[in-house]
Amino acid sequence: KEAAKSAAKSNQNLVQRVMTTLAEIFTPIIPALIVGGLILGFRNVLEGVHWSMLDGKTITESSQFWSGVNHFLWLPGE
């Protein structure tokens, strides 16, 4: 498998080698970006949506636990 991979790399031109290198660098980062976006979206729901069942308050305003979770999620989300 490695022999075929190295043979394919030797047949690439300069642009293809640069694109392959960039793809190898940035491919592991994509899941982290997606998870960071999901965390920030969840934080927006916690602190930005006013719920009628909570008398118009947000979840973080009505619960100390969810306020702590919201503050904690800032670390991995940013």
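All of the numbers you see were taken from the coordinates with simple rules; none came from a lab. The structure displayed is predicted, hence computed values, not measured ones. No Cβ is skipped: glycine too gets one built from the backbone with ideal geometry, and neighbour counts run over all protein chains shown.
Observations, loosely collected:
- Here the spin labels are modelled as points 7 Å beyond Cα on the Cα-Cβ line, and at residue 16 and residue 3 they lie 2.1 nm apart.
- Pairs of Cα atoms nearer than 8 Å and 6+ residues apart set the relative contact order; for the chain it is 25 percent.
- Given (i) 12.5, 38; (ii) 22.2, 66; (iii) 22.5, 77, the label whose value is Rg and Dmax of the Cα atoms in Å derived from this model: (ii)
- Rounded to 10°, Cα long-axis angle of helix 14-26 versus longest principal axis of the chain: 30 degrees
- Each Lys and Arg Cβ is given +1 and each Asp and Glu Cβ -1; about its Cα centre, the chain then shows a dipole of about 520 debye.
- Spin-label pair residue 26/residue 38, simplified geometry with 7 Å Cα→Cβ offset, distance in nm: 2.2 nm
- Cα-based helix-to-principal-axis angle, 64-77 vs the chain, degrees rounded to 10: 20 degrees
- For residue 57, distant residues with modelled amide H under 5 Å away: 51
- Each residue of the stretch 48-59 is assigned a 3J(HN,Hα), and the resulting list reads x, 9, 8, 9, 5, 6, 10, 6, x, 8, 7, 5 Hz, derived from the Karplus form 6.51 cos²θ - 1.76 cosθ + 1.60 (θ = phi - 60°), x at Gly and Pro.
- Over the chain: helical MRE at 222 nm, DSSP H runs n ≥ 4 each giving -39500 (n - 2.57), nearest 500: -24000 deg cm²/dmol
- Listed residue (75, 52, 3) projecting farthest to the positive dipole end of the chain, Cβ model: 3
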